[in-house]
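Inspection log for the structure reproduced underneath, given as C-alpha cells.
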Amino acid sequence: MLSDDVQMQSSKISAKQKYGEIEENPIGLPQKYCKTIVNQLNEDIASSYILFLQLRKQHAIIKGPDWKHIHDTLGEYATYIGKQAEELSERLTVLGGLPISDPARFKDLAYIDFEGNDMLELRRMLENDLHSVQKVIDAFRGRIKNASENNDYGTEHMLKGTIFEYEEMADRLEHYLAMESLERNLTTR
C-alpha cells in the first residue's frame, strides 16, 4: 500500500497522456478511426485478462480422471492469451492510445464474464471457456473487418493470426466437451 505522501505526490504529477486520449499516430491513420479501434482493442484486452484469470484458476484447481491433459492445455491457453493481450496493448500504443491497465475496470469493459472463484464441474468450466472464446472470435471478426475497411493492415494482420489461435482453442474445447468421461456417470449406460 502506498503511503499518503506517495499517493499525494503521484496525484500532483501531470500525466503526459491520459487514458482515453488518442495521440497522433506515426502510421498516418485517421484520428477518428484510431479512437474507435483503440476503444475496441481495450475491450479485447480487458476480456483477454478476464479469460486469462479464469483459465489460470481452472488450471490450478482442475481434478478428475482427465485432469493432467486438460490442466496442461488450460495452462497453455492462459499463457497464449496473456501474450496476446500484451500484443494488443503494444498495437494500441502504435495507434496513439493507452491500453487498459486498471484491473478494477476490466469487468466494465469486457464482453465476457468471469465464471467466479468457485470450483465448478469440469464440463461446466470448459463450456464457459468455449463460450468466452467464441465471443472473442466474434469480436475479432468485427475488428478485422473494421481494420481492413480503414486500411489498418497492421491491426488486421495481427488479429488474423490471433483469431486462428482462438479458433484452434474453440475446436479443442469442443473436442474435450465431446468426451464422455468429463464429469458424467459412466455406469448408467
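The values are calculated or read from the model by the stated rules, or taken from the named source; none is laboratory data. Note that the structure is a prediction, hence the values are computed from the model and not measured. Note that each Cβ is placed from the backbone with ideal geometry, even for glycine, and that neighbours are counted across all protein chains shown.
Observations on the structure shown:
- Given (1) in contact with an Asp or Glu (Cβ under 7 Å, 6 or more places away or on another chain); (2) at pLDDT 95 or above, index of the condition Phe164 fails: (1)
- Close Cβ contacts (under 6 Å, 6 or more residues apart or on different chains) running from residues in the range 125-136 that are of a type in the set (A, V, I, L, M) and assigned to a helix (DSSP H, G or I) to residues that are at pLDDT below 95 and surrounded by fewer than 18 Cβ atoms within 10 Å (Cβ to Cβ) comprise Leu126/Leu177.
- Applying the condition of being assigned to a helix (DSSP H, G or I) and surrounded by 15 or more Cβ atoms within 10 Å (Cβ to Cβ) to the range 168-183 and asking which residue is farthest from the chain's Cα centre (by Cα) yields Tyr176.
- Looking at Ala170, Ala104, Ala78, just one residue is modelled with pLDDT under 95 and small (Gly, Ala, Ser), and that residue is Ala104.
- Just one of (1) buried (at least 18 other Cβ atoms within 10 Å of the Cβ); (2) assigned to a loop (DSSP other than H, G, I, E, B); (3) of a type outside the set (Phe, Trp, Tyr) fails for Leu92. It is (2).
- Only listed residue being touching a Leu at 6+ places or on another chain (Cβ under 9 Å) and crowded, with 19+ Cβ neighbours inside 10 Å, chosen from Arg143, Arg123: Arg143
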